[in-house]
1. Name the residue that is farthest from residue 117 (Cα to Cα), counting only residues in the stretch 141-150 that are open to solvent by less than 40 Å² (accessible area, probe 1.4 Å) and touching a residue at least 60 places away in the same chain (Cβ under 8 Å).
2. For residues that are of a type in the set (A, V, I, L, M, F, W, C) and within 12 Å of residue 288 (Cβ to Cβ), scanning just the stretch 175-186, find the one that is most open to solvent (accessible area, probe 1.4 Å).
3. Looking at (1) open to solvent by less than 20 Å² (accessible area, probe 1.4 Å); (2) touching a residue at least 60 places away in the same chain (Cβ under 8 Å), can you tell me which one residue 191 breaks?
4. With touching a residue at least 24 places away in the same chain (Cβ under 8 Å) and either of a type in the set (S, T, N, Q) or more than 19 Å from residue 45 (Cα to Cα) (or both) as the only criterion, which of 280, 244, 233 stands out?
5. Checking the condition more than 14 Å from residue 25 (Cβ to Cβ) and touching a Gly at 6+ places or on another chain (Cβ under 7 Å), which residue from 64, 70 passes?
6. Hey, could you check the stretch 283-301 for residues that are outside any helix (DSSP H, G or I) and either polar (S, T, N, Q) or in contact (Cβ under 8 Å) with a residue 24 or more places away in the chain (or both) and say which is least open to solvent (accessible area, probe 1.4 Å)?
7. Going through 113, 85, 67, 126 one at a time, which residue ends up being within 19 Å of the chain's Cα centre (by Cα), polar (S, T, N, Q), open to solvent by less than 50 Å² (accessible area, probe 1.4 Å) and farther than 19 Å from residue 156 by Cβ?
8. Quick check on residue 274: is it free of Cβ contacts under 8 Å to residues at least 24 places away in the same chain and touching a helix residue (DSSP H, G or I) at 6+ places or on another chain (Cβ under 9 Å)?
Amino acid sequence: MREVDATIARRLDSGVPLVGEVARYIIASGGKRLRPVLLLLTCGALGCTDAQRFNLAAVVEFIHTATLLHDDVVDESTLRRGKSTANEVFGNPASVLVGDFLYSRAFQMMVETGSMRVMQILADATNVIAEGEVLQLMNIRDAALDEAAYLRVIRSKTAKLFEASCRLAAVLAGSPAAVEAACAEYGQSLGTAFQIIDDVLDYEGDATELGKNLGDDLREGKVTLPLILAMQRGTPDEAALVRRAIESGSTDDLPAILQLVRDCGALQQARGVASDQARRAVDALQGFAANTYTESLLELSAQLLQRRS
């Protein structure tokens, strides 16, 4: 990761000072670097020591950071990881344009690998992520959204880059198609579980630990799994309360909704769905070489379910 951080710092260099300033602000704001970590761990599990792994780990972090910059503008967010968002500090135009810079810099870097397969994976991933963003926008304030539609959004918007990170490692390692598919399955399942837990924490977590305000998803009109399950499990009056809040975007009833999702078992059931996805991730690694990297990937599946931020 020290090599990845050095690559990130070097490739953020731009003749336009504001570009580097905005990009460094968000990249240095305490992110988990989970996608680069996944790429490096998967490379280790497959015995790959190709120096391009550091370059591609930086690429997936740049793509992820670009989506965050754009997300915060679309969501009108003011807080991320306990700090003011880049759009709050530098304004919406700078955030959008620096997000574009990070996307284009990522594509410059992936071309340097000289691998058409690498470019195909990342081009497909960025396209699917963009589709996921638009899908989520279309679903804003739609209280009729069901679990299948919700999962489609998060598999596009979040899990796709997890999947691509693990798949890229298999390509660098020169692995056969079956191993590449297993890596992709691990990444997609882990990414799906990660986002479900993220959505649970919006109703269950601690604002200080999360670095954002509880109920932000409801405030933004996002229909996530805890709300979908609460409407299914609650009384007709309770379901109507949630529907009204989703459709109006009002947080006036947020305390009652927080209590409802906790009391009706929606959060526990959502965690169960995340656990199922984590088990799928573990199953995908069956047959991989037993080494410290594979062990870490397996441990990550379990630790992800316990996270508080």
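1. That would be 143.
2. Here the residue is 178.
3. In the conditions (1) open to solvent by less than 20 Å² (accessible area, probe 1.4 Å); (2) touching a residue at least 60 places away in the same chain (Cβ under 8 Å), residue 191 misses (2) alone.
4. So the residue among 280, 244, 233 that is touching a residue at least 24 places away in the same chain (Cβ under 8 Å) and either of a type in the set (S, T, N, Q) or more than 19 Å from residue 45 (Cα to Cα) (or both) is 233.
5. One residue alone meets the criteria, 70.
6. Residue satisfying both the conditions and the ranking: 285.
7. None of the others qualify; the one that does is 85.
8. When the stated conditions are applied, residue 274 does not pass them.
The values are calculated or read from the model by the stated rules, or taken from the named source; none is laboratory data. It should be emphasised that the depicted structure is a prediction, and the values quoted were computed from it without experimental measurement. In this analysis, Cβ positions are derived from the backbone assuming ideal geometry, glycine residues included, and neighbour counts consider all displayed protein chains. For accessibility, only protein heavy atoms count, side chains too; no ligands or nucleic acids. Shrake-Rupley method; radii C 1.70, N 1.55, O 1.52, S 1.80 Å.
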